[in-house]
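Reviewing the structure listed below.
The values are calculated or read from the model by the stated rules, or taken from the named source; none is laboratory data. Owing to the predicted nature of the structure, the values given are computational and were not obtained by experimental measurement. A quick note on method: Cβ atoms are made from the backbone with ideal geometry, for glycine too, and the neighbour counts reach across all protein chains shown. Accessible surface areas use protein heavy atoms only, side chains included; no ligands, DNA or RNA. Shrake-Rupley method; radii C 1.70, N 1.55, O 1.52, S 1.80 Å.
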Amino acid sequence: MATLIRTLADHSDDVNYCAFSSSCLATCSLDKTIRVYSLNNFTELPYSPLKGHTYAVHCCCFSPSGHVLASCSTDGTTVVWDARDGRLLAVLEQPSGSPVRVCRFSPESTYLLSGAADGSVVLWNVQSLKLYRSGSVKDGSLVACAFSPNGNFFVTGSSCGDLTIWDDKMRCLYNEKAHDLGVTCCDISSQPISDGEHGFRYFQMASCGQDNRIKLWLILYTDFLGVELKHKCTLSGHSAPVLACAFSYDGQMLVSGSVDKCVIIYETSTGNTLHTLSQHTRHVTTCAFAPYRPLLATGSMDKTVNIWHFELKQSCAGSTVENESRVAVEDWSEDDVSAWLCAQDLADFVGLFKMNNIDGKELLNLTKESLANELKIESLGLRSKVLQKIEELRMRMISVSVTVPDEFLCPITRELMKDPVIAADGYSYEKEAMEHWLSNKRRSSPMTNLPLHSLMLTPNRTLKMAISRWLETQQK
């Protein structure tokens, strides 16, 4: 069951895109602005709306860490923002000056892709914010793109109906006419699929178009076999052009939005319709699932963004079972752990973890000693990487499975504070976030907007100890 829990009506024109990080929702519009909301209560962050574009904003996306936000516009630029304080970091001009329709970060934040109306596609180096490589599709405007979970390749979709697969050196690997009247959107699931027979891992992709259809594809990418694209099935639930599609984080659901004003949620394994949502009054232009939370955002030409909460239940083998969400890590099977390893670019450990029967509960109990002595992972760097990913998983479990006390959240980022400091206004903030706030020559309080009589930040050791004690109780 999907329940409408909030409608955001802050934009003054069509909503073009919405994107989630682990703690925020960003939306962009024809009104030239980007708005950013906290996922805790869907209030707008103090620095929102972001105003830097001179024409309509077509797309926005967060970096994997959630610390950086990118947006692109008819004005021919892709703007990079600090998602923690709203500071403008860079304005990247499309070499051709053509309107930029889509932007996307690679999984490891190495590159930022921007695609434009003239068919040009650019990879920007995220660290230097300089152009890395550029290319172009053979026909039409570039209107859609998606990276593979491991970042080895990305897919673009064009208004002439082609899907093109590129490697990270901007070499065209494969081209397919997918939608006769033009592609409108594409997405690649973060969870790979194993074929069982040959041991290959396929990436599942969805594309949608002006032909009213959604197509599911399987992509095989290997160094020795090259690229193989297989059409899996076609979903025909909409009665008008489909403008948006997106996978849930676990890859088990697919959502689509259409000119017919409807949002449809499908079960990807069967293609069955789970929910049809009809609350928007005009074309649905964008839809996105939140990572780690049972939330869905849909945006429309009716100038609103709807936030939906859905139950993690679905049909499986004739019975109803709980969806394997990122909240219930302790209940993960060995196969779920394998899928998680692949998504974290740790696929080389799948065999080792399976051999040692590592399920969700065992995964959360792994330590540097057990990785070295029991699993025999000799490399210190690899052990550290695995432990870091497990710690991130534990933190995500805490953030989605319990309500974090509001006093432990930074008022700027709305994230759990690690190094709280007290500012002159008497409020506590995450140190890095407040330093960014001040470094942008702001001299007012993020909470009251009144002038700060001092820029001194004092460590709040009492609050830090309270947060540490609370975290310990959540991890027991």
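Residues in segment 427-447 that are modelled with pLDDT of 80 or more, open to solvent by less than 60 Å² (accessible area, probe 1.4 Å) and in a loop (DSSP other than H, G, I, E, B): S445, P446.
What tally of residues in segment 72-88 results from selecting those that are touching a Leu at 6+ places or on another chain (Cβ under 7 Å) and in a strand (DSSP E or B)? I'd like the intermediate steps shown before the answer.
Taking segment 72-88 first, the residues touching a Leu at 6+ places or on another chain (Cβ under 7 Å) are 77-83, 86.
Still in the running and in a strand (DSSP E or B): 77-82.
The number of residues fulfilling the criteria is 6.
Residues that are at pLDDT below 90, out of contact with any Pro (no Cβ under 9 Å at 6 or more places or on another chain) and either within 15 Å of G257 (Cβ to Cβ) or open to solvent by less than 20 Å² (accessible area, probe 1.4 Å) (or both) within segment 182-221 comprise just one, L220. The single condition among (1) open to solvent by less than 30 Å² (accessible area, probe 1.4 Å); (2) modelled with pLDDT under 95 that A288 does not meet is (2).
Residue-level analysis places S12 outside the set of residues that are buried (at least 24 other Cβ atoms within 10 Å of the Cβ) and out of contact with any Phe, Trp or Tyr (no Cβ under 6 Å at 6 or more places or on another chain). Need the failing condition index for D168 against (1) modelled with pLDDT of 90 or more; (2) open to solvent by 30 Å² or more (accessible area, probe 1.4 Å), just the number. Status for D168: all satisfied but (1). Looking at segment 456-470 only, could you name the residues that are open to solvent by less than 100 Å² (accessible area, probe 1.4 Å) and either outside the structural domain of V421 (by the TED database) or not in a helix (DSSP H, G or I) (or both)? Hits for segment 456-470 are L457, T458, P459, N460.
Of all residues in segment 291-314, which are within 17 Å of L8 (Cα to Cα), in a strand (DSSP E or B) and open to solvent by less than 50 Å² (accessible area, probe 1.4 Å)? Can you show your working first?
Taking segment 291-314 as the starting set, the residues that turn out to be within 17 Å of L8 (Cα to Cα) are 295-309.
Imposing the further condition that a residue be in a strand (DSSP E or B) reduces the set to 295-300, 305-309.
If the condition is that a residue be within 17 Å of L8 (Cα to Cα), in a strand (DSSP E or B) and open to solvent by less than 50 Å² (accessible area, probe 1.4 Å), then L295, L296, A297, T298, G299, S300, V305, N306, I307, W308 are the ones that fit.
Among the conditions (1) surrounded by fewer than 17 Cβ atoms within 10 Å (Cβ to Cβ); (2) under 22 Å from the mean Cα position of the chain (by Cα), the only one that N175 does not satisfy is (2). Any idea which of S73, S38 is under 18 Å from M434 (Cβ atoms), touching a Cys at 6+ places or on another chain (Cβ under 9 Å) and open to solvent by less than 40 Å² (accessible area, probe 1.4 Å)? Being under 18 Å from M434 (Cβ atoms), touching a Cys at 6+ places or on another chain (Cβ under 9 Å) and open to solvent by less than 40 Å² (accessible area, probe 1.4 Å) holds for just one of S73, S38, which is S38. Check segment 407-414 and report whether any residue there is over 22 Å from F20 (Cα atoms), at pLDDT 85 or above and either touching a Lys or Arg at 6+ places or on another chain (Cβ under 6 Å) or crowded, with 19+ Cβ neighbours inside 10 Å (or both). Among the residues of segment 407-414, not one is over 22 Å from F20 (Cα atoms), at pLDDT 85 or above and either touching a Lys or Arg at 6+ places or on another chain (Cβ under 6 Å) or crowded, with 19+ Cβ neighbours inside 10 Å (or both), which makes the answer no. If you go through segment 87-97 and keep only what is open to solvent by 10 Å² or more (accessible area, probe 1.4 Å) and not hydrophobic (A, V, I, L, M, F, W, C), you end up with R87, E93, P95, S96, G97. Against the conditions (1) surrounded by 19 or more Cβ atoms within 10 Å (Cβ to Cβ); (2) outside the structural domain of A19 (by the TED database); (3) of a type in the set (D, E); (4) at pLDDT 70 or above, where does E334 fall short? Just the number, please. Of the numbered conditions (1) surrounded by 19 or more Cβ atoms within 10 Å (Cβ to Cβ); (2) outside the structural domain of A19 (by the TED database); (3) of a type in the set (D, E); (4) at pLDDT 70 or above, the odd one out for E334 is (1).
Taking the residues in segment 344-357 that are out of contact with any Phe, Trp or Tyr (no Cβ under 9 Å at 6 or more places or on another chain) and touching a residue at least 24 places away in the same chain (Cβ under 8 Å) as candidates, determine which candidate is most open to solvent (accessible area, probe 1.4 Å). First the steps, then the outcome.
Here is the first cut: in segment 344-357, the ones out of contact with any Phe, Trp or Tyr (no Cβ under 9 Å at 6 or more places or on another chain) are 344-345, 347-357.
Next cut, touching a residue at least 24 places away in the same chain (Cβ under 8 Å) only: 344-345, 347, 349, 352.
Numbers: Q344: 17, D345: 75, A347: 34, F349: 24, L352: 41 Å².
Only one residue tops the list, namely D345.
For segment 116-132, filtered to residues that are within 23 Å of the chain's Cα centre (by Cα) and among the polar types (S, T, N, Q), the residue that is nearest to D162 (Cα to Cα) is N125. The residues of segment 151-197 that are among the acidic types (D, E) and without any contact (Cβ under 8 Å) to a residue 24 or more places away in the chain, listed by number, are D167, D195, E197.
Scanning segment 243-269 for residues that are surrounded by fewer than 24 Cβ atoms within 10 Å (Cβ to Cβ) and in contact with a Pro (Cβ under 7 Å, 6 or more places away or on another chain) returns Y249, V259.
The single condition among (1) under 23 Å from L142 (Cβ atoms); (2) aliphatic (A, V, I, L, M); (3) open to solvent by 10 Å² or more (accessible area, probe 1.4 Å) that M1 does not satisfy is (1). Within segment 98-113, the set of residues being open to solvent by 50 Å² or more (accessible area, probe 1.4 Å) and either assigned to a strand (DSSP E or B) or modelled with pLDDT of 95 or more (or both) comprises just one member, R101.
Hey, among the residues in segment 41-56 that are more than 16 Å from L88 (Cβ to Cβ) and out of contact with any Phe, Trp or Tyr (no Cβ under 7 Å at 6 or more places or on another chain), which one's surrounded by the most Cβ atoms within 10 Å (Cβ to Cβ)? Residue satisfying both the conditions and the ranking: A56.
Take the conditions (1) without any contact (Cβ under 8 Å) to a residue 40 or more places away in the chain; (2) open to solvent by 40 Å² or more (accessible area, probe 1.4 Å); (3) under 21 Å from A343 (Cα atoms); T273 misses just one of them, which is (3). With respect to the conditions (1) open to solvent by 30 Å² or more (accessible area, probe 1.4 Å); (2) in contact (Cβ under 8 Å) with a residue 40 or more places away in the chain, K232 falls short on a single one, namely (2).
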